[in-house]
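Please read the structure below before turning to the comments.
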Amino acid sequence: MKNFPEKFTNLLNEFSTGDGNDYIGQGNPNSSILIIGREHGFSKEKEWYKTEVKDNHDQWIKITSGEGFSDSGYSPRTCFADIEQEFRIGPKSNGTSPTWYIYQKIVNAICPHEMQAGKRGVPLLDFFDYCFITELSIESRPNNDDTEEKEKNATQKSINKRTPLLSSEFFRSFPIVILACGNYYDNYHIDFEKMFDVKWEGPTRPVVIGKKKYWMNLHYSNDRKRIVIHTCQASALIHAKEENTKNFYDKLVEYTSNR
């Protein structure tokens, strides 16, 4: 992909913090779907934190200027090659994380398409061709629910620092935004209406998955050409049976189709 949206290149030029808070995201900047999670789910001590988060802004600068991808073979545009749409089991597995597994299912629901199969006949992840993903915070930890006060303060600081970036014209340009961040809205005092220039349209929509009750909050732009859906963290759906999660994806299709 040689052509990048002007709003995207402007964002790269306007936001450069050098501390990782200028993490832009991964996927296709020309797509119509934006998915925003809480934060990455691996330790900041891992090598991939530097590769995926700290170096992200500079990687995009190189790609948009025509310098190509990094020597590691990783690119924020195409992510990782030949990752299968099944859970990763063990270090040699070619599967994916619970979050990316759900992201693929979200994209497949909203943008049905045929996925390419890998060598074992298992479909290969391609959601990064159909959406763009980013995070509210660049703090990264395997468990972001049971965090200590020091960690919570770090997350709040990162969200505050990233709010101008996430409120930019680029992130406001997506017709469909999925905020898969659950209670971060309340825990970290995030004003999604102001961030995306939209208005909440109540009431909160319940979504029943098996015996559990989830929810979706719908926000629309004044011209109703853009919808922002705030819902649970993607990985929360992992433990539900496949047949029970169908209602969740059906609701996404219903709400994103009726703008």
For Trp200, which of the numbered conditions (1) more than 24 Å from Val107 (Cβ to Cβ); (2) surrounded by fewer than 19 Cβ atoms within 10 Å (Cβ to Cβ); (3) out of contact with any strand residue (DSSP E or B) (no Cβ under 7 Å at 6 or more places or on another chain) fails to hold? (3)
When the stretch 166-197 is checked residue by residue, the ones that are farther than 28 Å from Asn153 by Cβ and touching a Ser or Thr at 6+ places or on another chain (Cβ under 6 Å) are Pro175, Ile176
Report, by residue number, each residue of the stretch 206-233 that is of a type in the set (A, V, I, L, M, F, W, C), within 21 Å of Asp191 (Cα to Cα) and at pLDDT below 95. Cys232
Selection from the stretch 210-246 of residues that are exposed (fewer than 14 other Cβ atoms within 10 Å of the Cβ), in a helix (DSSP H, G or I) and polar (S, T, N, Q): none
For the stretch 234-246, does any single residue satisfy the condition of being modelled with pLDDT of 95 or more and not aliphatic (A, V, I, L, M)? no
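The values are calculated or read from the model by the stated rules, or taken from the named source; none is laboratory data. This structure is a prediction, so every number in the text was calculated from the model and none was measured. A quick note on method: Cβ atoms are made from the backbone with ideal geometry, for glycine too, and the neighbour counts reach across all protein chains shown.
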